[in-house]
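Heads up, the thing below is written out as structure tokens.
The values are calculated or read from the model by the stated rules, or taken from the named source; none is laboratory data. Please read these numbers as outputs of a predicted model, since none were measured by experiment. In this analysis, Cβ positions are derived from the backbone assuming ideal geometry, glycine residues included, and neighbour counts consider all displayed protein chains.
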Amino acid sequence: MKTSLLHSLLIVAATLVFGTTILSAQDTMKPTPTQQDAFDVIGIQVRTNNAKETTGDGAIPKLWQRLFGEGILNQIPDKADQSIIVVYTNYASDWNGDYD
């Protein structure tokens, strides 16, 4: 998956609140659901929705391309380890709404 990534997205930091379900992917093909009370997330984000993602020109694949293509993982200081955490959050409504 090493290709170029969208350059318009910013590196952001967000603190997630209690009870957020995340997908921890040591093997990106087999994500494992995990529950954790609170933690900081540092990385990049995009606002999208399922309708956009099913068009073949979704924002999420481009975000992965950017993550690896621009070496963003290497720009994150003081990483605890090399794990990549995927977080879907800030849902506007149900599965039809926008999310980050």
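Quick test for you: out of GLY97, GLY58, GLY69, pick the one residue that is touching a Lys or Arg at 6+ places or on another chain (Cβ under 6 Å) and at pLDDT 90 or above.
Numbers: GLY97 fails: touching a Lys or Arg at 6+ places or on another chain (Cβ under 6 Å); GLY69 fails: touching a Lys or Arg at 6+ places or on another chain (Cβ under 6 Å).
Checking each option against the conditions leaves just GLY58.
Does VAL87 satisfy the criteria of being modelled with pLDDT under 65, out of contact with any helix residue (DSSP H, G or I) (no Cβ under 9 Å at 6 or more places or on another chain) and aliphatic (A, V, I, L, M)?
Details: modelled with pLDDT under 65: no; out of contact with any helix residue (DSSP H, G or I) (no Cβ under 9 Å at 6 or more places or on another chain): yes; aliphatic (A, V, I, L, M): yes.
When the stated conditions are applied, VAL87 does not pass them.
Cβ-Cβ under 8 Å, sequence separation 6+ or interchain: first residue in the stretch 51-80 and in contact (Cβ under 8 Å) with a residue 12 or more places away in the chain and part of a helix (DSSP H, G or I), partner basic (Lys, Arg) and surrounded by 12 or more Cβ atoms within 10 Å (Cβ to Cβ). Which pairs?
Cβ pairs passing all conditions: ALA59/ARG47; ALA59/LYS52; ILE72/ARG66.
Restricting attention to the stretch 9-20, does a residue exist that is touching a helix residue (DSSP H, G or I) at 6+ places or on another chain (Cβ under 8 Å) and either modelled with pLDDT of 80 or more or surrounded by 12 or more Cβ atoms within 10 Å (Cβ to Cβ) (or both)?
Within the stretch 9-20, one or more residues are touching a helix residue (DSSP H, G or I) at 6+ places or on another chain (Cβ under 8 Å) and either modelled with pLDDT of 80 or more or surrounded by 12 or more Cβ atoms within 10 Å (Cβ to Cβ) (or both).
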